[in-house]
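We did not get these values from a lab; they are worked out from the coordinates using the rules stated. Because the structure is predicted, anything quoted here is derived from the model rather than measured. With ideal geometry, Cβ positions are generated from the backbone for all residues, glycine too; neighbour counts draw on all protein chains shown.
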């Protein structure tokens, strides 16, 4: 049987954008079922304030339960399911794994894909020109910060997360697109250090397949698209790579 791998990222699912969930539901029910493996490379949700939100039965958490149900159906009946943390959902943890039937991978994740040494990652760590963001990333990825944050009442976490999102949006308006994109030297150094054939990531929302020459070696850097009016998935099999947009 041909192994078909799907890779998605940057859906930014949230209660206020039901059209995004409709795209996701269509993808999981009609498209993803034709794959054997599904990787989600971060920012599945616009925000995730901790797995304990799953214990709350309310309209505010219904989206999470609906998403988890679709993933569980996939992992039970169709294929293997994997997740990598993004900058929006870095607090996804054990309970989310358990309920979806998936596995959260450590970043970067190395594996063989169609005979090529491949790295999967969210991609934000490659954007080293954005020093203020890198400082923020170091803070929130720190285990002590996370433990302290998760000890706060749910309402306080929601307040903090909302404030951080507003700060992020404001900061983005003040930064050039070049600063928020990957740093090419960082990419080249990363590829050289790990001697990979393919680097696949999301985060920047600049979908493309870049053909690079690094130390006389041909390498692909494959960037995923975010989801908006259309959804997007990368499909990889022994024949090659296909980037796919879809709507409903």
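Taking residue 82, is it surrounded by fewer than 17 Cβ atoms within 10 Å (Cβ to Cβ) and in contact (Cβ under 8 Å) with a residue 24 or more places away in the chain? When the stated conditions are applied, residue 82 does not pass them.
Checking each residue in region 218-227 for being surrounded by fewer than 22 Cβ atoms within 10 Å (Cβ to Cβ) and either in contact with a helix residue (DSSP H, G or I) (Cβ under 8 Å, 6 or more places away or on another chain) or touching a residue at least 60 places away in the same chain (Cβ under 8 Å) (or both) picks out 219, 226. Applying the set (1) within 24 Å of residue 17 (Cβ to Cβ); (2) in contact with a helix residue (DSSP H, G or I) (Cβ under 7 Å, 6 or more places away or on another chain); (3) touching a residue at least 24 places away in the same chain (Cβ under 8 Å) to residue 61 leaves exactly one unmet item: (3). Looking only at residues of region 1-40 that are in contact with a helix residue (DSSP H, G or I) (Cβ under 8 Å, 6 or more places away or on another chain) and in a helix (DSSP H, G or I), we find that the one that is farthest from residue 79 (Cα to Cα) is 21.
Taken together, 88, 116, 137 contain a single residue that is touching a strand residue (DSSP E or B) at 6+ places or on another chain (Cβ under 7 Å) and over 30 Å from residue 2 (Cα atoms), which is 88.
Among the residues of region 125-173, those identified as outside any helix (DSSP H, G or I) and in contact with a helix residue (DSSP H, G or I) (Cβ under 9 Å, 6 or more places away or on another chain) are 127, 128, 129, 130, 152. Considering region 73-109 alone, what residues qualify as being farther than 21 Å from residue 157 by Cβ and touching a helix residue (DSSP H, G or I) at 6+ places or on another chain (Cβ under 7 Å)? Once the filter is applied, which keeps residues that are farther than 21 Å from residue 157 by Cβ and touching a helix residue (DSSP H, G or I) at 6+ places or on another chain (Cβ under 7 Å), region 73-109 yields 74, 75, 78, 81, 100, 101, 102, 103. So which residues in region 116-140 are surrounded by fewer than 16 Cβ atoms within 10 Å (Cβ to Cβ) and free of Cβ contacts under 8 Å to residues at least 24 places away in the same chain, if there are any at all? The answer is 131, 134, 135, 138, 139.
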